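Asker: I'd like to ask you about the structure that follows.
The values are calculated or read from the model by the stated rules, or taken from the named source; none is laboratory data. Treat the numbers as computed from the prediction; the structure is a model and nothing was measured. Every residue, glycine among them, receives a Cβ derived from its backbone with ideal geometry; neighbour counts consider all protein chains shown. When the accessible area is computed, the model is the full protein with side chains, heavy atoms only, and any ligands, DNA or RNA have been set aside. Shrake-Rupley method; radii C 1.70, N 1.55, O 1.52, S 1.80 Å.
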Amino acid sequence: ELFSRDDFLAMLATVESYLMRRAVCDVPSNSLNKYILSVIARLNDVMKKGSGSYRESFEAMILGEAGTARRMPDDKEFKQALLTRDCYRFRRIRHLLEGLENSKHTKNPIDFSGGIYTIEHIMPQNALAHDEWRDMLGNDAQNVFDTNINRLGNLTLTAYNSELSDGSLKEKRERAVGGYDNEYLTISAELRKASIWNEQTIKDRTERLAGEALTVWPMPR
């Protein structure tokens, strides 16, 4: 056989990491169809010559595209994009958040396919209309809002989006059903008992989630 089951699963994981990293970094994908076909052809040549393992050759070919349009973004590029980009308008944001969550309990993953969970802005999109949020954001509230509203650290998943809506942090946290106090999603750990949600807390959570993404969608070794 060309490769073991474990090698096959590892290659599938590498493909997912490759595609996720490129999507997050907005690397154009218009040339990927031909590129993947060329990789398969090159792998077949390698295996005919008996000069290495299929998995290692595949990973070497992916890594060998560094610096080209077919590259797999490295940890630095991937993390920087996660720290700075507008993640709410990222078309794979649900997959990103779901992947981060289920990486913490792989033996009992949450089935997100039912459409019950939606994207929640922790600092709401209408925050500046509420004195509680303006006070929490400080003297430069408008700039803090504009910069952070769609950051990764301000987004989570909830089954109670309409109920939480534009509430204050206290209202969102203490709501009997769906409130942050009782939230069990690991991606929302910072929200349990949170007394403040501002530029620094959003930055800290963005940093945590971006760091975890490096291990959920890793570079080949």
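Asker: In whole Å, how far is the Cα centre of segment 144-221 from that of segment 1-50?
Answerer: 33
Asker: May I ask you to list the GluC sites (Glu not before Pro) in segment 1-61 that are in a DSSP loop and have at most 16 other Cβ atoms within 10 Å of their Cβ?
Answerer: GLU1
Asker: Roughly how many Å² is the accessible area per residue of segment 22-153, as a whole number, for a 1.4 Å probe?
Answerer: Dividing the accessible area of segment 22-153 by its residue count gives 57 Å².
Asker: Extending each Cα 7 Å along its Cβ direction at ARG221 and ARG92, get the distance between those two points in nm, one decimal.
Answerer: About 2.3 nm, to one decimal.
Asker: On to the next question. Calculated FRET efficiency, LYS107 and ASN139, Cβ-Cβ r, R0 45 Å, to nearest 0.05?
Answerer: 0.45
Asker: Label-point separation (nm) for ASP181 and ILE119, each offset 7 Å from Cα along Cα-to-Cβ?
Answerer: Inter-label distance under the simple model: 3.0 nm.
Asker: At R0 = 25 Å, how high is the FRET efficiency between THR68 and PHE8 if r is their beta carbon distance? Nearest 0.05 is fine.
Answerer: Between THR68 and PHE8 the formula returns 0.45.
Asker: Could the peptides 99-110, 26-37, 142-153, 76-87 be put in order, highest first, of the mean number of other beta-carbon atoms found within 10 Å of their residues?
Answerer: Listed from highest to lowest mean packing, they are 142-153, 76-87, 99-110, 26-37.
Asker: Using a simple charge model, +1 on the beta-carbon of Lys and Arg, -1 on the beta-carbon of Asp and Glu, nothing else, what dipole does segment 1-159 show about its Cα centre, in debye to the nearest 20?
Answerer: 680
Asker: Using a Förster distance of 45 angstrom, determine the FRET efficiency expected from the C-beta separation of SER195 and ARG42, and round it to 0.05.
Answerer: E between SER195 and ARG42, to the nearest 0.05, is 0.20.
Asker: Where the accessible area of the chain is counted over protein heavy atoms with a 1.4 Å probe, how much of it, in %, is carbon and sulfur?
Answerer: Carbon-and-sulfur percentage of accessible area, whole number: 50.
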